[in-house]
Structure formats: structure tokens, C-alpha cells
Amino acid sequence: MKFSLGPVLYFWPKKQMQSFYQQAAESNVDIVYLGEAVCSKRRELKFDDYMDIAHMLREAGKQVCLSTMTLLEAPSELRELRRYCDNGEFLVEANDVGAIGILNDNKLPFVAGAAISIYNHHSLRRMVNLGMQRWVMPVELSGDWLGGLLNESIIQDVRDCFETELFSFGHMPLAWSARCFTARSEQRHKDQCELCCIKYPDGRVVDSQDGQRVFVLNGVQTQSGDRYNLINQLPSMRGTVDVVRLSPQSQGTFEWLHKFQQNITGAAPQPLEANDCNGYWLKLAGMVQHLD
Amino acid sequence: MELLCPAGSIPALKAAIENGADAVYVGLKDQTNARHFAGLNLDSGTLAEAVTYAHQHGRKLHVAINTFAQPQNYDQWTGAVDAAIKAKADVLIVADISLLGYIAERYPKQEIHLSVQASATNAAAIDFYQSQFGVKRIVLPRVLAMNQVRALAHTTNIDLEVFAFGSLCIMVEGRCYLSSYMTGESPNTAGVCSPAAHVRWEEEDGILESRLNGVLIDRFQPDERTGYPTLCKGRFEVAGAVYHPLEEPTSLNTLDLLPQLYKEGIKSLKIEGRQRSPAYVAQITRVWRAAIDSVLAAPDTFTVDAEWQRVLANLSEGSQTTLGAYHRTWK
């Protein structure tokens, strides 16, 4: 079982990003995803900065993948996407079908991100034929769904051609919109957002009127209010999940990476925190925290 | 420019056609479409009847098979495709890559429209679906601004269909898991959003609360208009302020944009609402028929009739309408 760090989904200052990836280089993580996947207006790090970090991580022995934008609308965003796809060195995580098209046209392999709608074995099989080397399944799917799908006969002869990766820790991306909800929360229009999301390194929390955590606003992305935490489900992933993904949080990411790595076989289970959830993997509503 | 209207039943289909729809879209009575509600949609017998009725009147019938097929009963989705083709449906509206492939390979002459659930928001994604599966038309997600719709109309050679009126999804369709996060069921996995089985209404001291799977979505004072607890239109709290952090209860209405949509060569205007009554479908269709006829007759001098807006406002969620993402200031 390998561990990965997903792309930083929040908007952090350049220094914080560099320090985070320095820690990543020194950590026991196997795979690191890099790049802006949420909003093209966030430019603390530019493409060349990401490539510098990618080289540093590769020299530290990490496998590096470049993550691409999920909601692509403007022609300028497609041009930036092409730069990522044409990087010439690193595997690319496609978070939109447009990226798969470009990578396939260039005969390049790819990782299919969790926002690509692959829900069944026939779609998965087609993606393998198009060059998919790793599949991050949609966050809303369960362990049973994954297991059943991988058991289908048409997957057997290509099962060695791709890895499976599971979003296992962090606030889950649940939706994308043209509207920027962080700007809206400050009564600004997106055009005049002044990149206000840089003030919220873990997004902005949304509670119900009776105090239940509901969502986290992260620019155009809406995340789960609760933090997904599958640390105690790691033993049940054996045989179906090849890579366990932790989504960077502003605090404690590497401590949790360590705890996850200690609990691969179930030897070091951890108590969940009040705002942790694990429902999706257990075939329940995503927000549910189920205690074994 | 085609007027494409929704129908969840044969009476709604007839209402749409009698009032001037050029084409009608329907779904089958199962999980294969994104309006999988009790008492709604057609079975194979009524589907054949619907096709016959549409063709007798010189109109087209589109069948939405636009959820993602599930591994354990995959055959239900290919079965829906086979049934729709057997019934001689003119168009299939599809999102799942495997079903697109199935149709393209098994029924190469079948006209396919890419469902909004496939989330094609850019030229590269459109190229992919066009080159891989020969889709003829793209239904654009409701997140694009008018200038972005225009840019796509200019840079691609594919037919474009846009949502003109109805419930407003503010998230990119086909990539929204908010509903399953709260209830376990989403458009992608169950063909539903904020499903009614999870809705509870509770009244205390005159204040009405709506809950979805136990989560408080909104609280209404006695003088406030209540609305269905669609979770993206709830009233929540951010840093002490209670408001609609995602969107107010409102409907999309693009009547003001009609001349621009016509000028950009948009092929089809889609009206949302297969879950609506035949009376609703009749009223909406009549207004949009009149508006499209007016723009076709004199695109440069088109003006929106106040009576049309009045009818549409009455049929809208919370009696409010918006241009949504088509207008930049919405974002």
C-alpha cells in the first residue's frame, strides 16, 4: 500500500506552499500531486514554480504527478492545461475529460481524478484503453462498489495496467460552480474577489442554523463540512486500494500520514474526532461517522 | 432554434406538443435517468406511444438515459438504450462513457446528445466526446457565462443546447455529490437530488423547519414563503451570518438572452422539469413558443413581453428568476 498527498486544494501563500513541500520531501510519502486544481485566478505559484518543486520532490525520491483544473471554462484555462499536459517529465492527473482528450491525443498516460465520472467496469475499461494508469474513484462510492467493480470479468486482463487510489483523508470536494462562494461570503462578486480565499487556509465553514457543520467553502469548490478520515478502514482496503490519498490540510497532515502508515494492518487504530466522517466508504451517507 | 420541452408522462408530452414544443424529452421508469421519482416517467409501452404521438405531429422524441450505469446491474442501462432504440426514439441523451461507447459501436447511426450530466464545459472536452463517440449535440452545463457560450459556439462545430428555463443547478451537473453526502443518494448514483424520502417538516411556535436526513436546511417565519429543502438552496450560517451561502431558492430564466442565443446559433433551448405537471408544461411551452416565434420573425427588434415574464415568474421557485451564470454578476 502506497500513500499520496493530493494537490493542495486551498489557496496558501507561496512561502507556506514551499515549506509544505519541503516537509513532503522529508516525509515517508510515496506520491505527491502538485498544481492548482480549483481556481485559475490563484497564482501564488506559477507553472514554473510547480515544476521547480516537482524536481525537488523527484530528487527526494518521490513520484510526482501534476494535477490539473477540474472546472475548465475559459480558453486561457485550456492553454494552461496544455502546458501541464506538455510538461514532458511528469505524469498528469486529469480532473476533466478535456485533459484526457489532450493527453490521449498526445499518446500520454494519465491518472483519472475523482471528478471524472467513472462508475462502472465498462467505463473503467475504456479509460485503461485510453491510457489511464491510475484511477482515483469518485468520492461518493463505497468499498463494496469498488470491490464489485474490480471483480468484473472484463477488468481481469487489464487489472495489472492500472492502480487504484482512494481519497481517504481531508475535506472532500463535493461540487464545483461558476460562482465563487468564498467571495460571496464576503459579499463580493467573483470578478472583484481580490483573492480573498487566501485568508482561509482551510476554507470557510458553513453550519446549519442549529450548529451542525455542513460544508466548507473553498472558492468555486464546495467541500464536505466534516473531514473524511478512513484511518480505521485501512485494513478493509487490502486488495482493492493501491494508493491511499491524504488531502493536505493546513495543520497536522504529516502527523496523520504517520498515523495512517502505522495502521495499515489495523495495529494502531485511532479515535476519530467530532467532525470526522467515514460514511461513503461504508455505503452510508457521506457525512456519517460510523464507529466500528 | 428548437424548443425542447420536458415530459414525465403522456399527458405532459401531449401538453408540450399541443402548445408548440419542437421536441420533447422523456425518461424511463427506472434509475437510468436523473429524474427517478415515484409516479414519473414512461415504461416501454408508453414510450412507444410517446414516439408515435410525437412523430404523428411531426415532432421529435428524445430519451434521457443520463445517469451512470452501476456495476451490479449494468444491463439495466444497456437495456434502456436497446428499448429506446427499438421504440424508434429520435435522440438518446447520454452521459456515461461506457454507454456512449456502446451506442456508438452497436448503433452507429443513432443520434446521440451529450447529457449535461457529462459536464462538458470546454472545447477540449467537447472534442473528446465528438471524436470518441460521434455525439451530435452538447447540452451545456448551467455554469457558463454568455460570453463563454459564445466562445464555444465560435470555436466548435458541434450543435449546442442550453438550459433556458427551470430549476437552477448552480453546481456543474454530473459532478455534484452534495446530495449523497447528506442522504446517501445523488444524481449520479440514484438519479435524485435531495430525495423526498429524507425530507422532514417540523413546526414549533409558528416556525417551520425543513430537514434533509436530519440536517436543518432552513427555518421559515410565519410570513415567509417556504420552499423544498434542496440542499444547495438552504439557509446556513457562515461566521455568524445566516444567509443562503450557495444560492437562493430561484429559477433560471433566460428570456432576456433569447436574441443573443439565437444570434450565436444555439440549436436548442431546453426547458427543465420532467417532474412538473402537464399544466405547468403547457403554460411554459406556450410562453417559450411565442417568444421563439417572435425572435425568429424579427431578431433585431425582439422585446420581452411583460405577460410572458409574469407567467414565468409565477411558475418559478420562490417566484424568483435569475439569469444565473449566463450573467457575469451572478458569480
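Numbers at a glance
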item	result
Meets criteria (in contact with a helix residue (DSSP H, G or I) (Cβ under 6 Å, 6 or more places away or on another chain), away from chain A (no Cβ under 14 Å) and modelled with pLDDT of 95 or more) for residue B:23	no
The stretch A:173-196, residues that are more than 8 Å from chain B (Cβ to nearest Cβ) and touching a residue at least 40 places away in the same chain (Cβ under 8 Å)	A:173, A:193, A:195
Condition broken by residue A:186, with the remaining ones in (1) over 30 Å from residue A:273 (Cα atoms); (2) surrounded by fewer than 19 Cβ atoms within 10 Å (Cβ to Cβ); (3) over 20 Å from the mean Cα position of the chain (by Cα) satisfied	(1)
Given (1) in contact with an Asp or Glu (Cβ under 7 Å, 6 or more places away or on another chain); (2) more than 30 Å from residue A:192 (Cα to Cα); (3) in contact (Cβ under 8 Å) with a residue 60 or more places away in the chain; (4) of a type in the set (A, V, I, L, M), number of the condition residue B:323 does not satisfy	(2)
Within the stretch B:100-180, strands (runs of 3 or more DSSP E) holding 3 or more residues that are surrounded by 19 or more Cβ atoms within 10 Å (Cβ to Cβ) and among the aliphatic types (A, V, I, L, M)	B:159-167
Counted residues, the stretch A:41-57 - those being surrounded by fewer than 21 Cβ atoms within 10 Å (Cβ to Cβ), touching a residue at least 12 places away in the same chain (Cβ under 8 Å) and farther than 28 Å from residue A:193 by Cα	1
Selection from the stretch A:76-99 of residues that are in a helix (DSSP H, G or I), of a type in the set (Gly, Ala, Ser) and either surrounded by 15 or more Cβ atoms within 10 Å (Cβ to Cβ) or free of Cβ contacts under 8 Å to residues at least 12 places away in the same chain (or both)	A:98, A:99
Residue check, residue A:10 more than 14 Å from every other protein chain (Cβ to nearest Cβ) and in contact with a Cys (Cβ under 9 Å, 6 or more places away or on another chain)	yes
Enumeration of residues in the stretch B:221-243 that are among the aromatic types (Phe, Trp, Tyr) and either within 11 Å of another protein chain (Cβ to nearest Cβ) or touching a helix residue (DSSP H, G or I) at 6+ places or on another chain (Cβ under 7 Å) (or both)	B:236, B:243
Unique residue being within 14 Å of chain A (Cβ to nearest Cβ) and within 17 Å of residue B:6 (Cα to Cα) when the list is B:246, B:323, B:315, B:252	B:252
Count of residues meeting criterion [more than 10 Å from every other protein chain (Cβ to nearest Cβ), under 19 Å from residue B:73 (Cα atoms) and buried (at least 22 other Cβ atoms within 10 Å of the Cβ)] in the stretch A:111-162	1
Candidate set from the stretch B:218-252 (those that are under 24 Å from the mean Cα position of the chain (by Cα) and small (Gly, Ala, Ser)); member that is surrounded by the most Cβ atoms within 10 Å (Cβ to Cβ)	B:234
Where a residue in the stretch B:188-203 is charged (D, E, K, R) and its partner, wherever it lies, is modelled with pLDDT of 90 or more, with Cβ under 6 Å and at least six apart	B:200/B:211; B:202/B:209
Pairs with Cβ under 8 Å, 6+ apart, first in the stretch A:64-75 and away from every other protein chain (no Cβ under 14 Å), second basic (Lys, Arg)	A:64/A:58
Test for residue A:165: is it crowded, with 21+ Cβ neighbours inside 10 Å, under 27 Å from residue B:140 (Cα atoms) and acidic (Asp, Glu)	no
Test: residue in the stretch B:162-180 that is away from chain A (no Cβ under 12 Å), under 15 Å from the mean Cα position of the chain (by Cα) and among the aromatic types (Phe, Trp, Tyr)	yes
In the stretch B:62-94, the residues that are within 17 Å of residue B:7 (Cα to Cα), out of contact with any Leu (no Cβ under 7 Å at 6 or more places or on another chain) and hydrophobic (A, V, I, L, M, F, W, C)	B:64, B:91, B:92, B:93
Any hit, the stretch A:218-233, residues being within 12 Å of chain B (Cβ to nearest Cβ) and more than 21 Å from residue A:114 (Cβ to Cβ)	no
From the options B:82, B:90, B:22, B:96, residue that is among the acidic types (Asp, Glu), within 30 Å of residue A:143 (Cβ to Cβ) and either in contact with a strand residue (DSSP E or B) (Cβ under 8 Å, 6 or more places away or on another chain) or without any contact (Cβ under 8 Å) to a residue 40 or more places away in the chain (or both)	B:96
Any hit, the stretch A:48-58, residues being part of a helix (DSSP H, G or I) and farther than 28 Å from residue A:1 by Cα	yes
Any hit, the stretch B:314-326, residues being in the same structural domain as residue B:269 (by TED's automatic domain parsing), of a type in the set (Asp, Glu) and surrounded by 15 or more Cβ atoms within 10 Å (Cβ to Cβ)	yes
Qualifying positions in the stretch B:235-269 - free of Cβ contacts under 8 Å to residues at least 24 places away in the same chain and either assigned to a loop (DSSP other than H, G, I, E, B) or in contact with a His (Cβ under 9 Å, 6 or more places away or on another chain) (or both)	B:235, B:236, B:239, B:240, B:244, B:245
Tally, over the stretch A:242-278, of residues that are among the small types (Gly, Ala, Ser) and buried (at least 22 other Cβ atoms within 10 Å of the Cβ)	1
Odd one out for residue B:131, checked against (1) within 9 Å of another protein chain (Cβ to nearest Cβ); (2) in contact with a Leu (Cβ under 8 Å, 6 or more places away or on another chain); (3) modelled with pLDDT of 95 or more	(2)
Looking only at the stretch B:193-207, and only at residues there that are of a type in the set (D, E, K, R) and in a strand (DSSP E or B), the one that is nearest to the chain's Cα centre (by Cα)	B:200
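The values are calculated or read from the model by the stated rules, or taken from the named source; none is laboratory data. All values reported here derive from a predicted model rather than from experimental measurement. Cβ atoms come from the backbone with ideal geometry, glycine included; neighbour counts cover every protein chain shown.
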